[in-house]
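S.K.: Just dropping this structure here.
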């Protein structure tokens with residue numbers, strides 16, 4: 001008799017996972033890269049397109065962060081610190097999720113998909129291969145949109161910024177999001193009790209990949225040949 | 001904080017990102 005009861009509990013868990021519902025609604029649409037058709041293809045053009053796209057994505061992602069339950073209650077300084085630490089992880093996770101349906105290609109935007117050859121031309125082969133390693137991990141797991149939105153919020157809350165003023169408030173935010181992930185997995189994947197843990201265990205590779213990306217774009221910035229918008233520059237400098 | 005003016009503004013601003 002325990003089984004049907006468990007099932008009822010399971011269904012109510014799904015219905016009650018308000019955090020997931022809020023995050024699904026808050027999830028921004030993809031934006032277009034719109035590479036300039038009048039400029040001939042080159043590494044500079046590819047990087048200019050990506051930096052412009054990243055700048056616009058960042059504006060959208062800051063708007064998204066404000067919808068995470070509990071995030072707006074943090075002090076402005078702590079909101080800034082979390083975003084300054086996690087912004088690249090958030091950008092990369094969105095590219096990863098968009099790329100799950102393709103083989104060895106990264107969907108930076110609906111109109112900007114990079115294959116191996118394009119990655120090589122842009123000098124991004126190593127970086128893109130690391131991002132593809134993440135894509136592969138999530139493909140194997142069959143990452144769902146609900147899990148993706150939770151994981152992205154967890155990456156933000158768990159960004160290990162050294163500048164946090166109210167660490168207890170940030171811990172509470174982490175607990176809420178972690179709890180939502182556990183509840184979701186208990187309800188949706190009772191056959192795999194370790195699924196939440198498996199998802200959390202992808203975060204070190206995300207952190208490592210983001211650090212590599214920031215380092216790469218910092219050296220591109222120093223090189224000075226690729227124009228970059230202010231928000232992107234501001235966040236690169238925060239690292 | 002002065003160094004991170006745009007992030008600060010975007011977080012304080014209540015308009016949606018599309019309006020900026």
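S.K.: Quick check on the exposure proxy: order A:145, A:137 from fewest to most C-beta atoms within 10 angstrom.
M.R.: Neighbour counts put them in this order, fewest first: A:145, A:137.
S.K.: Here's something else I'd like to know. As a footprinting exposure proxy, order A:184, A:108 by other Cβ within 10 Å, with the fewest listed first.
M.R.: Listed from fewest to most nearby Cβ atoms, that is A:184, A:108.
S.K.: I would also like to ask the following. Averaged over A:51-63, how many beta carbons belonging to a partner chain fall within 10 Å of each residue's beta carbon?
M.R.: Average per residue, whole number: 3.
S.K.: When the expected Rg is taken as 2.2 N^0.38 Å, what fraction or multiple of it is the alpha-carbon Rg of the protein assembly as shown? Present the calculation step by step, with values, prior to reporting the outcome.
M.R.: Working: Rg = 18.9 Å, N = 259, 2.2 N^0.38 = 18.2 Å.
Taking N as the residue count of the protein assembly as shown, the ratio is 1.04.
S.K.: Can I ask one more? Ranked highest first by average number of other Cβ atoms within 10 Å, how do A:94-101, A:230-237 line up?
M.R.: A:94-101, A:230-237
S.K.: Any chance you could run the full-extension gain for residue A:198 through residue A:230? It's 0.36 nm times the residue separation minus the Cα-Cα distance, nm to one decimal.
M.R.: Fully extending the segment from residue A:198 to residue A:230 adds 7.9 nm.
S.K.: How many angstrom lie between the C-alpha centres of the stretch A:21-72 and the stretch A:172-226?
M.R.: First find each Cα centre; the distance between them is then 18 Å.
S.K.: Can you give the extra length, in nm with one decimal, that the chain gains between residue A:189 and residue A:67 once fully stretched, where that is 0.36 nm per residue apart less the Cα-Cα distance?
M.R.: Result for the pair: 41.3 nm of gain on full extension.
S.K.: Then there's this: Please average, across the residues of A:71-79, the number of beta carbons from any other chain that are within 10 Å of each residue's own beta carbon, and give a whole number. Mind dumping the intermediate values first?
M.R.: Numbers: counts 1, 1, 0, 1, 0, 5, 3, 0, 4.
Mean shielding count: 2.
S.K.: Which whole-number percent gives the relative contact order of chain A, counting Cα pairs below 8 Å spaced six or more residues apart?
M.R.: 31 percent
S.K.: Which FRET efficiency, nearest 0.05, do residue A:136 and residue A:110 yield, Cβ-Cβ r, R0 22 Å?
M.R.: 0.55
S.K.: Another one. Mind checking the angle between helix A:125-141 and chain A's longest principal axis? C-alpha axes, 0 to 90 degrees, to the nearest 10.
M.R.: Taking Cα atoms only, the helix is inclined about 20 degrees.
S.K.: How much length is gained if the chain between residue A:120 and residue A:167 is pulled fully straight, taking 0.36 nm per residue apart and subtracting their Cα-Cα distance, in nm to one decimal?
M.R.: Taking 0.36 nm per residue and subtracting the Cα distance, the gain is 12.7 nm.
Bear in mind that the values in this text are calculations on the coordinates, not laboratory data. Quick caveat, the model's predicted, so the values are computed rather than measured. We place every Cβ from the backbone using ideal geometry, glycine too, and count neighbours over all the protein chains shown.
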